[in-house]
2 protein chains.
Amino acid sequence: MAQIRPHTLSGFMELLPEDQKKMQRVMATLRESYALYGFTPLDTPVIESADVLLAKGGGETEKQIYRFTKGDSDLALRFDLTVPLAKYVALHANELTFPFRRYQIGKVYRGERAQRGRFREFYQADIDIIGDGKLDIMNEAEIPAVIYRTFNALGLKNFRIRVNNRKVLNGFFALLGLTEKSGDVMRTIDKLDKIGPDKVRAVLTDEFAVEPETADKVLEFISVPGTSADKLAFLRRYEGKNETFDLGLHELATVVEYVGSFGVPAENFEIDLTIARGLDYYTGTVYETVMTDHPEIGSV
Amino acid sequence: MAQIRPHTLSGFMELLPEDQKKMQRVMATLRESYALYGFTPLDTPVIESADVLLAKGGGETEKQIYRFTKGDSDLALRFDLTVPLAKYVALHANELTFPFRRYQIGKVYRGERAQRGRFREFYQADIDIIGDGKLDIMNEAEIPAVIYRTFNALGLKNFRIRVNNRKVLNGFFALLGLTEKSGDVMRTIDKLDKIGPDKVRAVLTDEFAVEPETADKVLEFISVPGTSADKLAFLRRYEGKNETFDLGLHELATVVEYVGSFGVPAENFEIDLTIARGLDYYTGTVYETVMTDHPEIGSV
């Protein structure tokens with residue numbers, strides 16, 4: 001038998017004992033913290049039917065997914081924990097109590113080119129609250145409270161949870177006549193941190209044929225400075241012009257109020273109108289948490 | 001887009017919240033218990049190079065392994081946690097402190113036909129002590145101590161840890177002139193619990209051409225009744241005839257002595273000369289733990 005050189009695939013992490021111990025402590029802290037807030041653990045298979053995992057997939061997912069056959073089964077490794085969650089809830093809806101609060105810490109697989117900070121196998125640690133009808137907006141405010149508590153338990157101090165509401169953005173875009181381009185505009189402004197305002201303006205005008213003055217208005221709107229209270233005051237100037245906007249503003253104001261009463265200090269939490277999140281399935285409140293000492297890490 | 005029926009693959013476990021909470025508690029207990037004895041956590045990738053995973057594989061492994069290609073990589077999902085451990089130790093030998101004591105709780109994958117009690121994805125919870133030369137026999141006695149402590153912490157009472165030593169068996173087989181058939185005889189007597197002594201005798205004589213009187217001697221030897229002390233006294237009758245046997249007897253006696261001094265009560269621990277373990281890589285002490293209330297579960 002030929003000698004096999006022992007090696008670990010690139011993009012797959014394998015830690016030495018000291019680092020693995022730290023990793024275990026982080027995961028134990030996450031589990032404890034999530035459980036304190038009444039989130040129940042969930043574990044789903046790493047392998048699923050390819051048709052289940054790719055049901056909502058776009059081209060990117062399809063390219064990066066590990067897919068293979070065994071016998072006559074078309075199988076794939078999970079790409080995230082969201083699609084398996086959707087399947088789990090659909091499958092067990094009759095046996096679950098809603099709102100269903102779950103956390104899941106598990107490995108996900110992406111067959112992309114390994115690069116700095118990108119892995120092919122990595123852990124996601126998700127929390128979700130799933131209703132069987134309308135969920136009270138208070139639930140949206142709980143997520144930042146859990147994030148705040150968890151980061152504190154991990155000994156992290158310098159972080160900021162940024163919140164926005166897609167209805168506020170969609171409503172404002174409607175006022176500018178951008179409803180049809182709304183998704184493209186969202187995905188573009190979401191890159192503001194990475195590519196800067198000039199590039200965002202260029203993409204909007206050149207790629208998506210947004211009028212220059214309209215692009216300026218978008219940038220001015222999302223870049224308004226100040227505290228969360230300042231931004232809410234700014235947003236109220238647009239009240240009464242668009243139903244979606246008004247609903248979003250009400251939700252955003254409610255979340256900000258609850259988050260404060262849940263004990264999250266103002267220095268760890270702010271409205272940031274530039275947060276849009278690329279994916280279409282986000283409809284209301286969206287978050288992003290950044291380490292203020294380490295902006296290079298991106299959102300966590 | 002066609003409607004996709006949400007389903008989970010057969011042989012892949014997915015628990016409802018209450019059961020998943022119990023599962024998490026079991027895993028937390030295992031981690032705590034293993035850590036108390038100085039075992040360090042290890043995590044290795046689920047996906048490895050197929051050549052690494054199959055380096056030592058026989059036909060069975062090859063058939064059951066999930067293997068696929070991505071780009072020009074020949075990949076496979078881990079079949080157990082032992083081969084990845086061997087790779088990890090080979091790769092990081094210079095950075096580890098020996099004896100290297102590790103535990104690993106992780107999912108493994110076997111593409112076999114799903115049947116009662118058999119899963120395609122399931123957790124293994126392994127502990128290992130790896131030396132960089134000769135390991136003191138005391139380490140062998142620690143394993144039952146960890147098993148005893150862990151089962152107690154899990155609230156399990158009625159279990160028995162059975163121990164044997166392959167050198168004792170190999171030495172005795174040599175005395176019977178069975179050295180060349182040693183592996184086959186081992187694998188056959190290992191099935192004693194499942195198929196009974198008559199079937200074992202038939203397999204030995206019919207399939208492996210063992211003389212009937214020799215087969216009887218093998219069965220008589222492994223079936224000797226009594227306490228661990230009785231069995232050690234029985235084994236001492238064969239002392240001085242075969243070097244391997246003598247070494248094995250010394251190891252077995254030492255393990256029994258240490259296990260007692262490590263606080264494992266006699267009712268939870270016994271020598272069982274029928275334990276052989278099928279795989280060739282077992283050389284000395286071998287164990288098997290059974291739930292005495294639930295013999296149908298098999299070894300755990």
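Descriptive notes on the structure:
- Loss of accessible area when B meets A, both sides summed, Å² nearest 100, probe 1.4 Å: 4600
- Pairs of Lys residues in segment B:9-135 that lie 8 or more places apart, or on two chains, and have C-alpha atoms under 22 angstrom apart add up to 10.
- Förster radius 22 Å - calculated FRET efficiency between B:GLN124 and B:ALA93, Cβ distance, rounded to 0.05: 0.45
- The eigenvalues of the Cα gyration tensor, multiplied by 5 and square-rooted, give segment B:207-296 an equivalent ellipsoid with semi-axes of 23, 18, 14 Å from largest to smallest.
- Projecting the alpha carbon convex hull of segment B:240-287 along each direction and taking the average yields 4.1 nm².
- Tally of Lys pairs whose C-alpha atoms are under 30 Å apart, taken over segment A:136-300, 8 or more apart or cross-chain: 28
- Candidates B:LEU81, B:LEU235, B:LEU279, ranked by Gaussian network fluctuation over chain B, Cα under 10 Å, top entry: B:LEU279
- Charge dipole (debye, nearest 20) of segment B:137-300; +1 at Cβ of Lys and Arg, -1 at Cβ of Asp and Glu: 240
- The fraction of Cα-Cα pairs per 10 angstrom bin, counted from 0 for the protein assembly as shown, comes to 3, 13, 21, 22, 16, 11, 7, 4, 2, 0, 0 percent, rounded to whole percents.
- When you filter the GluC sites (Glu not before Pro) in segment B:80-127 for DSSP loop state and at most 15 other Cβ atoms inside 10 Å of their Cβ, you are left with B:GLU112.
- Å² per residue, accessible surface of chain B at 1.4 Å: 50
- Averaged over B:188-195, number of beta-carbon atoms from partner chains that fall within 10 Å: 0
- Translational diffusion of segment B:143-290, µm² s⁻¹ [Kirkwood Rh, Cα pairs; Stokes-Einstein; 20 °C; 1.002 mPa s]: 136
- Size of charge dipole - segment A:212-255 - debye, nearest 20, with Cβ of Lys, Arg +1 and Asp, Glu -1, no other charges: 100
- One Cα centroid belongs to segment A:179-222, the other to segment B:118-146; the line between them spans 58 Å.
- Between the residues B:HIS7, B:MET186, B:LEU235, the greatest Cα displacement towards the positive end of the dipole of chain B, with unit charges on the Cβ of Lys, Arg, Asp and Glu, is found for B:HIS7.
- Accessible carbon and sulfur surface of chain B relative to its total accessible area, %, 1.4 Å: 50
- Of the trypsin sites (Lys or Arg not before Pro) in segment B:197-250, those whose Cβ has at most 13 other Cβ within 10 Å and which sit in DSSP loop: B:ARG237, B:LYS241
- For segment B:201-288, the list of GluC sites (Glu not before Pro) that fall in a loop by DSSP and count at most 16 other C-beta atoms within 10 angstrom reads B:GLU239.
- Radius, Kirkwood style, for segment A:215-254 when every pair of distinct Cα atoms is counted (Å): 10.7
- Estimated [θ] at 222 nm from DSSP helical runs (n ≥ 4, -39500 (n - 2.57)) normalised by residues in chain A, nearest 500: -12500 deg cm²/dmol
- Using the alpha carbons alone, the radius of gyration of segment A:186-233 stands to its Kirkwood radius in an Rg to Rh ratio of 1.02.
- Rounded if a/c under 1.5, otherwise prolate or oblate - segment B:1-50, Cα gyration tensor axes: oblate
- Diffusion coefficient, µm² s⁻¹, Stokes-Einstein with Kirkwood Rh over alpha-carbon pairs of segment B:82-162 at 10 °C and 1.306 mPa s: 104
- Here the Gaussian network model covers chain A, with springs between Cα atoms less than 10 Å apart; of A:PRO265, A:PRO17, A:PRO99, A:PRO17 fluctuates the most.
- Given charges at Cβ of Lys, Arg, Asp, Glu: chain B dipole, positive-most of B:ILE275, B:LEU30, B:SER223: B:LEU30
- Assuming charge only on the beta carbon of Lys and Arg (+1) and of Asp and Glu (-1), the dipole of chain B about its Cα centre is about 840 debye to the nearest 20.
- Per-bin percent of Cα-Cα distances, segment B:1-114 [5 Å]: 2, 9, 15, 16, 17, 16, 14, 7, 3, 1, 1, 0
- Relative frequency of Cα-Cα separations exceeding 24 Å in chain B, percent: 60
The values are calculated or read from the model by the stated rules, or taken from the named source; none is laboratory data. It should be emphasised that the depicted structure is a prediction, and the values quoted were computed from it without experimental measurement. In this analysis, Cβ positions are derived from the backbone assuming ideal geometry, glycine residues included, and neighbour counts consider all displayed protein chains. Just the protein is used for accessible areas: all its heavy atoms, side chains included, with ligands, DNA and RNA removed. Shrake-Rupley method; radii C 1.70, N 1.55, O 1.52, S 1.80 Å.
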